[in-house]
Amino acid sequence: MSGLRFLVTGAAGFMGSFLVEKLLSMGYRVVGLDNLSTGRLENLVGSIGNPMFRFVKADLLDPSTWNGDLFRVDVVFHMAANPEVRHSTREPIEHYHQNLTATMNALEASRRSGVGVFVFASSSTVYGDPEAIPTPETHPIKPISVYGATKAAGEILCQTYSRLYGIRCLVLRYANIVGPRLRHGVIYDFIQKLSRDREGLEILGDGSQRKSYLYINDAVEASIAALEKILSNGAREEIYNIGNRDWITVTEIADEVIRAMGLSNIKYIYKPAQDGRGWPGDVKLMLLDISKIERETGWKPSMSSREAVRKTVESLAKLSPE
């Protein structure tokens, strides 16, 4: 990967900012693009000022805000997206544009600029309610949320651009990625609620939802390992699951949050939707089969789902309620 130039979209977001840091630490030149609608410049405080990094505030939905030269790089990591599954249920059209129109614009700019590899940040939600657990990459794609549908459609667009225009396409299907700077999802939600109310905790769903969680450093390492693999084997298209080997329930996550915050005697108030889900479109059980990326790259998670949750809670519990 020597001498490669990178563009990271969503660079000021949770995953994007950690990826930028990793690439810079490896000596690569990186351009970071973000519209700062949800991303934060504070996430890039360790990168801004590095002579190998350039930040551009721009919106992928509005190509007039960015110069096509931004895409004159070797590899695009397309991390920009609205990650809130619940938002996709409430505002499907807005979510469609944020996740799919933006992806189309990034792909087209990449095609016109001669990008070599387009890395698409997909999601375990493309599988919907899986018929096989752990769920392999060969499982049918049957999303049950608009968010999952936009990710599935983004995968198809990326693969089509590969076949039609020759851009190499790497699809990374992430489980729940957690760590410092996280500002969405169940861990952050619980901490914010408990910061405001020390007596009761509202839990969306019946608490039995069980999913896999991966710490951000592990997720970034896996992403780099997958890129190195596709660059070395010459594949035109590749798909990898990125997750953990185990899982944890929502109630167990609540227990971890309460323990880390030094609280006790908290009453759990469950608000289940259909089948005990947290909301319409919520996948109740998710555990990805990661044997392919382990076998082909040698990458392995460094901590369990519970350890990843616990370390994340410890870093986020210091935040003031927003």
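The single condition among (1) assigned by TED's automatic domain parsing to the domain that holds Glu42; (2) β-branched (Val, Ile, Thr); (3) closer than 20 Å to Met303 by Cβ that Thr135 does not meet is (3). Evaluation of Glu294 against the conditions (1) touching a residue at least 40 places away in the same chain (Cβ under 8 Å); (2) surrounded by 15 or more Cβ atoms within 10 Å (Cβ to Cβ) shows that the sole unmet condition is (1). The number of residues in region 224-250 that are touching a helix residue (DSSP H, G or I) at 6+ places or on another chain (Cβ under 9 Å) and at pLDDT below 95 comes to 2. Taking the criterion of being modelled with pLDDT of 95 or more, outside any helix (DSSP H, G or I) and surrounded by 14 or more Cβ atoms within 10 Å (Cβ to Cβ), the residues of region 301-320 that qualify are Pro301, Met303, Ser304. So which residues in region 91-108 are in a helix (DSSP H, G or I) and free of Cβ contacts under 8 Å to residues at least 24 places away in the same chain? Ile93, Glu94, Glu108 - these are the residues of region 91-108 that are in a helix (DSSP H, G or I) and free of Cβ contacts under 8 Å to residues at least 24 places away in the same chain. A single member of Ile156, Ile144, Ile133 is within 19 Å of the chain's Cα centre (by Cα), at pLDDT 95 or above and more than 19 Å from His78 (Cα to Cα), and it is Ile144. Within region 117-132, which residues are under 19 Å from Tyr240 (Cβ atoms) and exposed (fewer than 15 other Cβ atoms within 10 Å of the Cβ)? Answer for region 117-132, where residues must be under 19 Å from Tyr240 (Cβ atoms) and exposed (fewer than 15 other Cβ atoms within 10 Å of the Cβ): just Ala132.
Selection within region 178-223: residues that are closer than 24 Å to Glu42 by Cα and in a loop (DSSP other than H, G, I, E, B). The member of this set that is modelled with the highest pLDDT is Gly179.
When region 228-245 is filtered for residues that are part of a helix (DSSP H, G or I) and crowded, with 17+ Cβ neighbours inside 10 Å, the ones remaining, listed by number, are Lys229, Ile230, Leu231.
Filtering region 1-60 to residues that are basic (Lys, Arg) and closer than 16 Å to Ile224 by Cα leaves Arg5, Lys22, Arg29. On the basis of being over 21 Å from Ser212 (Cβ atoms) and either crowded, with 24+ Cβ neighbours inside 10 Å or touching a Leu at 6+ places or on another chain (Cβ under 7 Å) (or both), does Leu164 make the cut? No. Among the residues of region 57-77, those identified as over 13 Å from Val20 (Cα atoms) and not in a loop (DSSP other than H, G, I, E, B) are Lys57, Pro63, Ser64, Thr65, Gly68, Asp69, Leu70, Phe71. Confirm whether Gly262 is at pLDDT below 95 and in contact with a strand residue (DSSP E or B) (Cβ under 6 Å, 6 or more places away or on another chain). In short, no. Filtering region 149-166 to residues that are under 18 Å from Ile93 (Cβ atoms) and either touching a strand residue (DSSP E or B) at 6+ places or on another chain (Cβ under 7 Å) or not in a helix (DSSP H, G or I) (or both) leaves Lys151, Gly154. Taken over region 13-52, the residue count meeting the criterion of being of a type in the set (Lys, Arg) and under 18 Å from Glu221 (Cβ atoms) is 1.
Asp289 satisfies every condition listed in (1) touching a residue at least 12 places away in the same chain (Cβ under 8 Å); (2) in contact with a Lys or Arg (Cβ under 9 Å, 6 or more places away or on another chain) except (2).
Can you work out which of the residues in region 246-272 that are surrounded by 15 or more Cβ atoms within 10 Å (Cβ to Cβ) and assigned to a loop (DSSP other than H, G, I, E, B) is farthest from the chain's Cα centre (by Cα)? So the residue we want is Ile266.
The values are calculated or read from the model by the stated rules, or taken from the named source; none is laboratory data. Keep in mind that what you see is a predicted model, and the values were worked out from it rather than measured. Methodologically, a virtual Cβ is constructed for each residue, glycine included, from the backbone with ideal geometry; neighbour enumeration extends over all protein chains shown.
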